[in-house]
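Asker: Below you'll find the structure I mean.
The values are calculated or read from the model by the stated rules, or taken from the named source; none is laboratory data. The structure displayed is predicted, hence computed values, not measured ones. Glycine gets a Cβ as well: all are built from the backbone with ideal geometry, and neighbour counts include every protein chain shown. Accessible surface areas use protein heavy atoms only, side chains included; no ligands, DNA or RNA. Shrake-Rupley method; radii C 1.70, N 1.55, O 1.52, S 1.80 Å.
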Amino acid sequence: MPNLMGRGEKLVGEYTYGSRKTQGFQLVFVKPFLRAPGARFSAGISKGEGEFPWSGYRELGRGVNAELSFQSILGMQHKVKWEGVWRELSCLTNATSFAVREQAGHSLKSSLHHSVGWDTRDNSILPNNGFVLRLNKELAGMGLGGDVNFVKGDIELQLNKSLLFGTVVQGTLTAGIMHNLSKIIGPRISDRYFLGGPLTLRGFEMRGAGPNSDGDSLGSTSFCAGGLHLYMPLPFRPGKGGFGDMFRTHLFVNGGVPGPLFIGGNRQENLDHLLDQLRWAYGAGVVLCLGNIARLELNYCVPVTFKTTDQVVKGFQCGIGLTFL
């Protein structure tokens, strides 16, 4: 419902239904600021339900939120958001591990987010040049209400440089850390970091790298990961200037540390710990850009270092998503 009150306001309703019994809806009111181009206020309600078989649970969330977005110097985009969510976590099967079962029940999360992004890329899915830098911070509880209390922050950096004959080299780096502020209840599994998947840590199943219990991925309170890609046009450039430009072949190497980044002690002990926890893989594949919104990848992956408890993919791996490493 556009232009509700004649000053650019709109009311947006969405309903989604996906695989793994994922469904949800949201209703959002958006108000632009006419004297501040690029700035807008939004508020909404939402309900979402999904299954997470990699961790053995399903979650139902009902929430309200309010967000203010605006631009600052150099075109950097800021978002400040408050969100209140009533979450209900339940076991997916009778085989769900005890470490996940003890997380089951209700929780009330009230959190304040701040994110800032600086994006100079010429294309968000298959860029040729430019970089993107994103910083995200979140504070839950601590006077905001609810029974979930933590502070977390993460960073994402991507660099792209075009070379000869349509080739592009890309480097990516991401990391995050979370600190629990409650002395009674540990970090909730819904708020932890996870690594693994066809568009993040290739060569590993979704949430397939890191701490787990009886096959259920538990996540961690910190992580780091990175990747190096060499993108090339399709051989002989079929469909050049049209449909063929939506495809690229790529060689990649990616790795990450899904567990705690620091264990205390001296620098050498921490370095030895990081090397011991490192997972990495390499491979090659084909990337398809889907409407400049998402990407589809078909890769052949060769995991090199991993733990016996990790779930790896040796061979072909396919995935589609909005974000990628």
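Asker: If a residue has to be free of Cβ contacts under 8 Å to residues at least 24 places away in the same chain and of a type outside the set (A, V, I, L, M, F, W, C) to count, how many in region 19-30 make the cut?
Answerer: Residues meeting the conditions: 2.
Asker: Is there any pair linking a residue in region 277-291 that is open to solvent by 10 Å² or more (accessible area, probe 1.4 Å) to one that is at pLDDT below 90, with Cβ under 7 Å and at least six apart or on different chains, and which?
Answerer: Taking only residues 6 or more apart or on different chains, the pairs are Gln277/Gly259; Leu288/Met246; Cys289/Met246.
Asker: Here's another thing I want to ask about it. Is it true that some residue in region 49-65 is in contact (Cβ under 8 Å) with a residue 24 or more places away in the chain, of a type outside the set (A, V, I, L, M) and more than 30 Å from Gly210 (Cα to Cα)? Before you say what the answer is, go through the steps one by one.
Answerer: Taking region 49-65 as the starting set, the residues that turn out to be in contact (Cβ under 8 Å) with a residue 24 or more places away in the chain are 49-62.
So of that shortlist, the ones also of a type outside the set (A, V, I, L, M) come out as 49-59, 61-62.
Narrowing further to those that are more than 30 Å from Gly210 (Cα to Cα): none.
No, that holds for no residue.
Asker: I need the full set of residues from region 121-152 which are under 21 Å from Leu74 (Cβ atoms) and open to solvent by less than 30 Å² (accessible area, probe 1.4 Å), in order please. Even if it seems obvious, please write down each step before you answer.
Answerer: Just the residues of region 121-152 that are under 21 Å from Leu74 (Cβ atoms), to begin with: 121-124, 127-137.
Within region 121-152, Pro127, Gly130, Val132 qualify.
Asker: Here is a follow-up. For residues that are closer than 30 Å to Gln311 by Cβ and aromatic (Phe, Trp, Tyr), scanning just region 23-59, find the one that is surrounded by the most Cβ atoms within 10 Å (Cβ to Cβ).
Answerer: Pass one, region 23-59, residues closer than 30 Å to Gln311 by Cβ: 23-24, 48-59.
When the remaining residues are screened for being aromatic (Phe, Trp, Tyr), the result is 52, 54, 57.
Values: Phe52: 21, Trp54: 19, Tyr57: 23.
Top of the filtered list is Tyr57.
Asker: Which members of region 292-325 meet the condition of being surrounded by fewer than 17 Cβ atoms within 10 Å (Cβ to Cβ), closer than 14 Å to Leu195 by Cβ and modelled with pLDDT under 90?
Answerer: Thr323
Asker: Name the residue that is farthest from Arg62 (Cα to Cα), counting only residues in region 1-12 that are open to solvent by less than 60 Å² (accessible area, probe 1.4 Å) and in contact (Cβ under 8 Å) with a residue 12 or more places away in the chain.
Answerer: That would be Gly8.
Asker: For region 13-22: of the residues being open to solvent by 50 Å² or more (accessible area, probe 1.4 Å) and either modelled with pLDDT of 90 or more or in a strand (DSSP E or B) (or both), which is farthest from Gly63 (Cα to Cα)? Walk me through how you get there before you give the answer.
Answerer: First, the residues of region 13-22 that are open to solvent by 50 Å² or more (accessible area, probe 1.4 Å): 13-17, 19-22.
Filter once more, so that each one left must be either modelled with pLDDT of 90 or more or in a strand (DSSP E or B) (or both): 13-17, 22.
Working: Gly13: 15, Glu14: 15, Tyr15: 15, Thr16: 16, Tyr17: 18, Thr22: 16 Å.
Only one residue tops the list, namely Tyr17.
Asker: Right, next: Just the residues that are touching a helix residue (DSSP H, G or I) at 6+ places or on another chain (Cβ under 9 Å) and either closer than 25 Å to Pro233 by Cα or open to solvent by 30 Å² or more (accessible area, probe 1.4 Å) (or both), please, taken from region 249-272.
Answerer: If the condition is that a residue be touching a helix residue (DSSP H, G or I) at 6+ places or on another chain (Cβ under 9 Å) and either closer than 25 Å to Pro233 by Cα or open to solvent by 30 Å² or more (accessible area, probe 1.4 Å) (or both), then Pro260, Phe262, Ile263, Gly264, Gly265 are the ones that fit.
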